[in-house]
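Encoded as structure tokens, the structure appears first; notes follow it.
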Amino acid sequence: MLAEFDLDMWLIFVRETAEHTDPVLKLLGHYSITWPAALIFTRSGALIAVTGKGDDEAVRQFNIFNDVRTYTQSIGPVLAAICAEHEPQRIGINYSQSDVTADGLTYGMLLNLREYLKDTPYAERLVSAESLIEALRGRKTAQELVRMRAAIELGLTIFEELGAILRPGLSERELHAFVQGRVQHYGVGNAWDAEHCPGLNAGPESPWGHVGASDATIQPGKTLHMDFGVMRDGYCSDNQRMWYCLRPGETAAPPEVTQIFDAVAGAIQAAADFVRPGVQGWEVDAVARSFITNAGYEEYPHALGHSVGRYAHDGGVGFYPRWERYGTKPYGTIMAGQIFTLELGVRSEFGYISLEEEILITEDGCEWLSLTQKEIWLIGG
């Protein structure tokens, strides 16, 4: 991958990781480093760690780096010597203006690194390792896929368990407590912080967005929306599902509700039909965005989809519109082995109607990672 992204060396530079850890460390192991340290990978295959004396044994125990060097007073001379040994033309370091998962190098540590290398040619050869990190994190291994499929399966099981107890009058707070109880029952974690997981919208008066459960209740003639995922064996799921609460005498949701639901599901399907390796993320978003606006609804005020993995929002490329808030991420290239959400919704007089599915990018398109919701689920009747 270093060759693929034209890097001769990848230099992970950290200190006091208990207080501020670089996100890429999670890809390597559970490192706890006190003094300034450098974890180095070279295109030629060298695996070098430089640590303060006392941190070295913990790094050796991971059996990743076959060359562990220590220092006592300053890491600078050791870093400069390693660069002189390998003569890298491009040294990838962990900074990014658009992707938090590739932005682990603090500004202070960057200044320190430049100071250590100031009398060498290597200070001018530091470049962002953003593309490398995004690919390393995004392309799932076979083992990662097994864990993610298991997380998705369990998350959807909890959706089904919630559906079995739904009735008019239940509040979002009660639903939140039930879901959290099932998470604890299965001995797993939440895909994001427990206070906001799941996200719930019971009817049109429920607060929209990344907020906690409210006092809003399930009401006949209104919809219920839930955004939820679990963290299982270190990997997350992230799905959204929809219900409609029947009014007396109803046996199905009103046409106005099903029309919105079908438009949302259709936009997601259109994006899935389009996506394939080699396209840019914004192109996928544009397909779904055009579908929903052509159906007569307002465009959704966020991206169509994000990467999922160790976190529900796992950084890297995604299906982002070309808006300033997303920086360079809309222009990332979609690659086989990545997992993304496809999610969008419409706010209506019945409530927020939204779906979220997960897909695995394959060599010629994508694969659904679970059964998609094809029709709105009913409460009552």
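The values are calculated or read from the model by the stated rules, or taken from the named source; none is laboratory data. Please read these numbers as outputs of a predicted model, since none were measured by experiment. Quick reminder, even Gly has a Cβ in these numbers, built from the backbone with ideal geometry, and neighbours come from all protein chains shown. Ligands, DNA and RNA are excluded from the accessible area calculation, which covers all protein heavy atoms including side chains. Shrake-Rupley method; radii C 1.70, N 1.55, O 1.52, S 1.80 Å.
Quick notes on this one:
- Residue match in the range 359-375 (condition: within 14 Å of the chain's Cα centre (by Cα) and either open to solvent by 10 Å² or more (accessible area, probe 1.4 Å) or touching a residue at least 12 places away in the same chain (Cβ under 8 Å) (or both)): yes
- Of all residues assigned to the range 308-317, none qualifies as being farther than 23 Å from SER237 by Cβ, open to solvent by 40 Å² or more (accessible area, probe 1.4 Å) and touching a strand residue (DSSP E or B) at 6+ places or on another chain (Cβ under 9 Å).
- Among the residues making up the range 276-301, those that are over 17 Å from GLY332 (Cβ atoms) and open to solvent by 10 Å² or more (accessible area, probe 1.4 Å) are ARG289, SER290, PHE291, THR293, ASN294, ALA295, GLY296, TYR297, GLU298, GLU299, PRO301.
- Listed by position, the helices (runs of 4 or more DSSP H) contained in the range 47-156 that have at least 2 residues being β-branched (Val, Ile, Thr) and closer than 30 Å to VAL179 by Cα form an empty set.
- Selection from the range 162-182 of residues that are over 12 Å from ASP215 (Cβ atoms) and assigned to a helix (DSSP H, G or I): LEU162, GLY163, ALA177, PHE178, VAL179, GLN180, GLY181, ARG182
- Cβ-Cβ under 8 Å pairs, at least 6 apart or on other chains, the range 104-126 side among the polar types (S, T, N, Q), far side surrounded by fewer than 19 Cβ atoms within 10 Å (Cβ to Cβ) and in a helix (DSSP H, G or I): THR120/ALA80; THR120/ALA84
- Residues satisfying the stated conditions in the range 328-345, i.e. buried (at least 22 other Cβ atoms within 10 Å of the Cβ) and not in a loop (DSSP other than H, G, I, E, B): LYS329, PRO330, ILE339, PHE340, THR341, LEU342, GLU343, LEU344, GLY345
- Every pair of residues 6+ apart whose Cβ atoms lie under 8 Å, when the first sits in the range 55-68 and is within 14 Å of VAL14 (Cβ to Cβ) while the second is aromatic (Phe, Trp, Tyr) and surrounded by fewer than 11 Cβ atoms within 10 Å (Cβ to Cβ): none
- Subset of the range 14-41 [assigned to a strand (DSSP E or B) and open to solvent by less than 10 Å² (accessible area, probe 1.4 Å)]: VAL14, ALA37, ALA38, LEU39, ILE40
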